[in-house]
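The values are calculated or read from the model by the stated rules, or taken from the named source; none is laboratory data. Fair warning: this is a prediction, and the values are worked out from it, not measured in the lab. In this analysis, Cβ positions are derived from the backbone assuming ideal geometry, glycine residues included, and neighbour counts consider all displayed protein chains. Heads up: the accessible areas ignore ligands, DNA and RNA and are worked out on the full protein's heavy atoms, side chains in. Shrake-Rupley method; radii C 1.70, N 1.55, O 1.52, S 1.80 Å.
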Amino acid sequence: MNSPAVDIANILAASPFSYGIVGTDLFVSREPLAPVNCTTVYDTGGFEPESASEVYDRPTIMVRIRNSSYTAGYAKVQAIKTTLHKLHETISGGTRYVAIWAQSDILFIGYDDSNNALFTINFRIHRTAT
């Protein structure tokens with residue numbers, strides 16, 4: 001299984017809403033200095049596996065948006081929230097994503113040293129091998 005951040009970045013890249021290209025303006029685990037307007041997905045731990053009729057891993061991720069425009073940055077993180085929240089029965093990287101939920105609302109965390117707006121949102125996931 002891939003890390004959840006890798007799979008979620010690929011889900012966002014494959015979305016018809018064009019959230020970016022992995023390695024160009026959509027990144028996993030490390031936000032580069034450029035481009036300014038970018039999205040980065042981070043693994044953030046999670047919860048113990050859940051066991052019902054199947055065993056589900058229950059990881060969490062954080063999506064961080066950096067944008068030169070507060071308005072454009074907020075719109076992008078809102079669109080990502082709409083796309084991922086309640087997404088269910090999706091396959092990515094050989095992993096079945098049973099469901100994804102926003103674990104928080106959008107959080108504006110301030111501006112970086114170059115005056116770019118920074119936003120985050122957290123998601124919890126139920127996933128299992130296919």
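Would you rank Val98, Val36 by solvent-accessible area, highest first, keeping every protein chain in place and using a 1.4 Å probe?
Sorted descending by solvent-accessible area, the residues read Val36, Val98.
Ordered by residue, what ³J(HN,Hα) values in Hz, to whole numbers, does the range 32-45 give under the Karplus form 6.51 cos²θ - 1.76 cosθ + 1.60, where θ = phi - 60° and Gly and Pro are x?
Values per residue, Gly and Pro as x: x, 5, 9, x, 5, 8, 8, 10, 10, 10, 10, 6, 10, x Hz.
What percentage of the solvent-accessible surface of the range 16-69, computed with a 1.4 Å probe over protein heavy atoms, is contributed by carbon and sulfur atoms?
Whole-percent figure for carbon plus sulfur exposure: 56.
Would you mind getting me the FRET efficiency between Thr71 and Asn2? Use the beta-carbon distance for r and R0 = 41 Å, nearest 0.05.
Step by step, r from the Cβ atoms, then E = 0.80.
With θ set to phi - 60° and the Karplus curve 6.51 cos²θ - 1.76 cosθ + 1.60, what are the ³J(HN,Hα) couplings of the range 57-64 in order, to the nearest whole Hz, using x for Gly and Pro?
After applying 6.51 cos²θ - 1.76 cosθ + 1.60, I find 6, 10, x, 10, 9, 10, 10, 10 Hz.
If you compute Cα extents along the principal axes in Å for the structure shown, which of (i) 50, 33, 30; (ii) 50, 33, 25; (iii) 49, 24, 23 do you land on?
(iii)
Taking amide H positions as placed 1.01 Å from N in the peptide plane, with prolines and chain starts having none, which residues 5 or more places from Ser92, or on another chain, fall under 5 Å of its amide H?
Result for Ser92 returns Tyr97.
Please find the FRET efficiency linking Asp113 to Ser15, where r is the Cβ-Cβ separation and R0 is fixed at 30 Å, and quote it to the nearest 0.05.
After rounding to 0.05, the efficiency reads 0.50.
Can you list residues whose amide H is under 5 Å from Phe27's amide H, if they're 5+ apart or on another chain and H is modeled 1.01 Å from N?
Under 5 Å from the amide H of Phe27: Thr39, Thr40, Val41.
Full extension from Ser29 to Ala99: what is 0.36 nm times the residue separation minus their Cα-Cα distance, to one decimal in nm?
Additional length available on full extension: 23.0 nm.
Among residues other than Gly93 whose Cβ falls under 12 Å from its Cβ, what is the net charge (Lys/Arg +1, Asp/Glu -1)?
Neighbourhood net charge equals +1.
Calculated from DSSP H runs of 4 or more alone, at -39500 (n - 2.57) each and per residue, what is the 222 nm mean residue ellipticity of the chain, nearest 500?
-6500 deg cm²/dmol
Taking amide hydrogens as modeled 1.01 Å from N in the peptide plane, which residues meet the under 5 Å criterion relative to Ser104, leaving out close sequence neighbours?
For Ser104, the qualifying residues are Asn122.
How would Tyr74, Tyr111 rank on accessible area, largest to smallest, probe 1.4 Å?
These residues rank, largest area first, as Tyr111, Tyr74.
At 0.36 nm per residue, and after removing the present C-alpha to C-alpha distance, how many nm does the segment from Thr120 to Phe47 gain when stretched out fully?
Stretched fully, the Thr120-Phe47 segment lengthens by 24.3 nm.
Heavy atoms only, 1.4 Å probe, whole protein assembly: order Leu33, Leu107, Leu84 by accessible area, highest first.
The ranking, largest first, comes out as Leu33, Leu107, Leu84.
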